[in-house]
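Quick notes on the structure that follows.
The values are calculated or read from the model by the stated rules, or taken from the named source; none is laboratory data. Because the structure is predicted, anything quoted here is derived from the model rather than measured. Here the Cβ positions follow ideal geometry from the backbone for every residue, glycine too, while neighbour counts run over all protein chains shown.
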Amino acid sequence: MPSIVFKPAKKQALAIRNRTINASDLLEAHFKQIDKYNPKINAVVWQDREAAKELAWQIDKETSVGKFRGPLHGVPVTVKESFNLSGAPTTWGDPCNIDNIATTDSDAVARFRSAGAIVFGKTNVPLNLVEWQTFNKIYGTTSNPWDQTRTPGGSSGGSAAALATGMSALEVGSDAGSSIRNPAHYCGIFGMKPTFKVVSSQGQSIQETYSESDISVAGPLARTVEDLKLAFETIEGLRGLEATAFKNHLPTDNRTKLSQFRIGLKLDDPESPVDNDYLNKLDEFVQNLEKAGAKIIRNKIPEFDNGLHFMIYLKLVGASDSAHFTKEEIKTLIDGVKKLNNDRVSRVCGTRFEGLSLLHRDWINLNTQRNRHRLIFDEYFEDIDILLTPATGSPAFEHDQTGPRYRRFLTINDKKYPEMAQLYWSGYSGVVGLPSVVGPIGQVRGLPVGYQAIAGHGRDFTALAFAEAVERELVGFIPPPLCL
């Protein structure tokens, strides 16, 4: 295993500054890693190696005279295909967009570059970013590096698979339905969904909308929490339309020990039951937190109707996706769900598809209900630092690309559930815009699984501080067996 590509991005940058490696050689090490593992995984789907080499050579010249661009000086990184990178295609996996070549950088890419990173490639996504699998007709299928018969997650599946195999030092993804958190969980890395709006997603689009899409956020993925924090600090900041009058005010959190945290628990729910082996692993994790001195507060969760909360999320996340669907496509989806005559599919998938044609007055009513729940969360986090939940309902599942997503089921504890039912764990915090970090806790049946650490609104650095304490005292990233 080439050790340099698995070292934290922060240490890679430090090695360049200390001249123990130059940027050109570090970049070549990542290219070699891609050449070795990408044919098996198919995570990195676009590269401009010549431009990257030219930039690395320039950075080496600057390093030789003591000139440094920023904290990511010379570090090779990739970004999710949906983010504009000047000169690269932005297709969202749709063949209709195959000739859409970006002429400017997204805010996330521009901020990575301003920090000195070499943004050399893009990673795979599902069609229109609406799957927990990563496949499309342009780039093909991305596989989980722990088991190539399984999904790496989605929609930032290429991002997570690239990081887990050392093909990239850092990544930026997006998340409305666990699209950062789910791949982090499936691939055994760290992923962060920031507080809504605190990271600009400008340039993550086919046609610029000039505003943040409801619920969806841009956020970082990394192999260490220190890198996750560094990437977040690099890309954090509002989009231009809002930055003229506002700025983020995120409180710092300097806690370093698990014994300093008060942790609430929500480890299961009838809306999306959790695999028993995964639940046992979460219980073991909670016991280890308690042994480390963390104060575990049981039987205390935000007091609202969980079923209603899920339905609010499904309709609003459906509404946020509506621009990608025609009236005819929406009708086809709703009619397809009805033909299945399955109560669970109708409750989950049908509700989400109803959101695709939501009237504005209905959106306003749902938004009012959402804000009531946000205030309940605010009250809850007066006495709790972190609410610990599963990341999803199970470890990574096997590739299944047959038919529309609403026809696909997962077997959890010997019962079949709509695959989309696992959205419950993403919407729980996502619909009210709360920050959360997913990090690894070990393996179940040879597959990585993780925790989800939810913090109060604007308390992004609390979620990061907790995750860093977990990594320091208990468990962190390990490379997949493929790379050992």
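For the structure I just gave you, tell me whether Lys67 is in a loop (DSSP other than H, G, I, E, B), loosely packed, with under 15 Cβ neighbours inside 10 Å and of a type in the set (D, E, K, R). Yes. In the set (1) assigned to a loop (DSSP other than H, G, I, E, B); (2) surrounded by fewer than 24 Cβ atoms within 10 Å (Cβ to Cβ); (3) touching a residue at least 40 places away in the same chain (Cβ under 8 Å), Thr103 fails one condition alone, (3).
Per-residue answers, yes or no, for (1) part of a loop (DSSP other than H, G, I, E, B); (2) in contact with a Lys or Arg (Cβ under 6 Å, 6 or more places away or on another chain); (3) modelled with pLDDT of 95 or more:
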site	(1), (2), (3)
Asp214	yes, no, yes
Ala231	no, no, yes
Thr234	no, yes, yes
Thr252	yes, no, yes
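Just one of (1) surrounded by fewer than 18 Cβ atoms within 10 Å (Cβ to Cβ); (2) part of a helix (DSSP H, G or I) fails for Tyr186. It is (1). Within segment 4-42, the set of residues being closer than 19 Å to Thr224 by Cβ and either outside the structural domain of Val172 (by TED's automatic domain parsing) or among the hydrophobic types (A, V, I, L, M, F, W, C) (or both) comprises Ile4, Val5, Phe6, Ala9, Ala13, Leu14, Ala15, Ile16, Ile21, Leu26, Ala29. The condition (being surrounded by fewer than 24 Cβ atoms within 10 Å (Cβ to Cβ) and either modelled with pLDDT under 95 or in the same structural domain as Ala162 (by TED's automatic domain parsing) (or both)) is satisfied by just one residue among Leu484, Leu447, Leu474: Leu484. Mind checking whether some residue in segment 195-212 is of a type outside the set (S, T, N, Q), touching a Lys or Arg at 6+ places or on another chain (Cβ under 8 Å) and at pLDDT 95 or above? No; the residues of segment 195-212 include none that is of a type outside the set (S, T, N, Q), touching a Lys or Arg at 6+ places or on another chain (Cβ under 8 Å) and at pLDDT 95 or above.
Being farther than 24 Å from Asn38 by Cα, touching a Phe, Trp or Tyr at 6+ places or on another chain (Cβ under 7 Å) and not in a helix (DSSP H, G or I) holds for only one residue in Gly203, Gly154, Gly166, and it is Gly203.
Within segment 337-361, if we keep just the residues that are more than 20 Å from Ser272 (Cβ to Cβ) and in contact (Cβ under 8 Å) with a residue 24 or more places away in the chain, the residue that is surrounded by the most Cβ atoms within 10 Å (Cβ to Cβ) turns out to be Leu356.
Summed over segment 362-385, residues that are out of contact with any Gly (no Cβ under 7 Å at 6 or more places or on another chain), surrounded by 14 or more Cβ atoms within 10 Å (Cβ to Cβ) and not in a helix (DSSP H, G or I) total 1.
Please specify each residue of segment 1-54 satisfying the condition of being part of a helix (DSSP H, G or I) and of a type in the set (S, T, N, Q). Selection gives Ser3, Gln12, Ser24, Gln33, Asn38.
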